[in-house]
1. Within the range 235-265, how many residues turn out to be under 11 Å from Val210 (Cα atoms) and in contact with a Pro (Cβ under 6 Å, 6 or more places away or on another chain)?
2. Report yes if some residue within the range 276-298 is more than 19 Å from the chain's Cα centre (by Cα) and at pLDDT 95 or above; otherwise report no.
3. For a quick check of your reading of the model, give me the residue pairs whose first member lies in the range 43-56 and is farther than 24 Å from Pro260 by Cβ, whose second is part of a strand (DSSP E or B), with beta-carbon atoms closer than 6 Å and at least 6 apart or on different chains.
4. So Gly69 clears everything in (1) touching a residue at least 60 places away in the same chain (Cβ under 8 Å); (2) over 26 Å from Val355 (Cα atoms) except one condition, right? Which one?
5. Taking the condition of being surrounded by 24 or more Cβ atoms within 10 Å (Cβ to Cβ), of a type in the set (A, V, I, L, M) and within 23 Å of Asp97 (Cβ to Cβ), how many residues in the range 4-30 meet it?
6. Any idea which of Ser137, Ser131, Ser151, Ser183 is polar (S, T, N, Q), in contact with a helix residue (DSSP H, G or I) (Cβ under 6 Å, 6 or more places away or on another chain) and under 16 Å from Leu358 (Cβ atoms)?
7. Checking the condition at pLDDT 90 or above, surrounded by fewer than 20 Cβ atoms within 10 Å (Cβ to Cβ) and of a type outside the set (Phe, Trp, Tyr), which residue from Arg53, Arg62, Arg46, Arg58 passes?
8. With buried (at least 17 other Cβ atoms within 10 Å of the Cβ), touching a residue at least 24 places away in the same chain (Cβ under 8 Å) and within 19 Å of the chain's Cα centre (by Cα) as the only criterion, which of Val209, Val227, Val239 stands out?
Amino acid sequence: MRIVFVAAPLQGHLLPLVPLAAACRDAGHDVVLAGGGFPGDVLGLRTADIGARFHLQRSALRVALRRPGLARAELRGTAGQEMVGELFGRANQALIDPLLALARRERPDLIVYESLSEAGAVVAARLGVPSVLQEASLWPATELFRAVAGSRAMRGQDVPAPALTIATTPPSLRGAPAADEFSMRPVPFSGGGAVPDWLLSAGDRPRVVVSRSTLTGPNSGDPGPAVIAAAAQVDAEFVLVRPAVTGHLPANVRTVDRVPLDRVLPFAAAFVHHGGAGSVLGGLAVGVPQLATPGAGDRRYNAGLLARRGAGLAVEAKAIGAADLTTLLTDGALRTAAKEVAAEIAAMPAPATVVPALEKL
């Protein structure tokens, strides 16, 4: 079977597709991963760059000029899915033609696309092949599908409903999948890369890993500056991944370049980050308490979901203080809830178990 996996050319959209794509490849299928901005390691998958004309910032500016009130709400993280639908509806227009050209060369039997890459559904309709929608965020994939498919930019396009929807959010965070959805474990994957030896074992003090978004922009929620300011008052070792600023650092703060967080987090006592869906799920998969900063897009929703489950804290980036970091490290209820969700994720079906369902299509 030939399968094309489609993601917006942004790493937060691309990486969640890699485990299932690799499982299909390992089952003997011919797989290509279409997107852009690929990290150095995608588990040996074939890739195709379709993102040359994709420009998220330009699309955001055009939507903001037309609907400034909605854009302001989006920056606060209170716009729901309306802004993201308009934004990615416009952005997906740039993916349709290059994806169609790729699909005509590859002649896929099936197209799998992530929550905000409905160009995959459009191209599948034009080729007359089934499509599968894989959840790649904590927002329900079906809701994002409706937001993008119903956007102004996608009017006039044939965007058929998926033949199968794969849900990856642990049920205790958002409820059980719908009867017509297939549940699949969210497998953390950060794109590979080298890891210093000292990060692959526990340190002498509790380790707090601190990361930020791969995207830059207003209200990006970088927790780094506040953590640096508070670190000296906390009995822990802080490791800042790709820090935006450094300067003079307290003695208990270290920095590293990009590292695969899925390999680093098992040795951490806590995780502080910008609230991206991949970060939330990556921390939950290994059962570490998290502090997520609410912000633009879905990040306020994600941080709130984590806090309501009791597995982490939601604190604005500039407001993070020593008391928040100490609570993160010492609150037993946070750690218990995080480990409960980790056990729940481990019990979800692995990507390899989804492959037969794709074959049936």
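The values are calculated or read from the model by the stated rules, or taken from the named source; none is laboratory data. Given the structure is predicted, the values throughout are model-derived calculations rather than measurements. As a convention, Cβ positions derive from the backbone with ideal geometry for all residues, glycine included, and neighbour counts pool all protein chains shown.
1. Residues meeting the conditions: 1.
2. no
3. Ile50/Ala34
4. (1)
5. 7
6. Numbers: Ser137 fails: under 16 Å from Leu358 (Cβ atoms); Ser151 fails: under 16 Å from Leu358 (Cβ atoms); Ser183 fails: in contact with a helix residue (DSSP H, G or I) (Cβ under 6 Å, 6 or more places away or on another chain).
None of the others qualify; the one that does is Ser131.
7. After ruling out the rest, the residue left standing is Arg46.
8. When all the criteria are applied, what remains is Val209.
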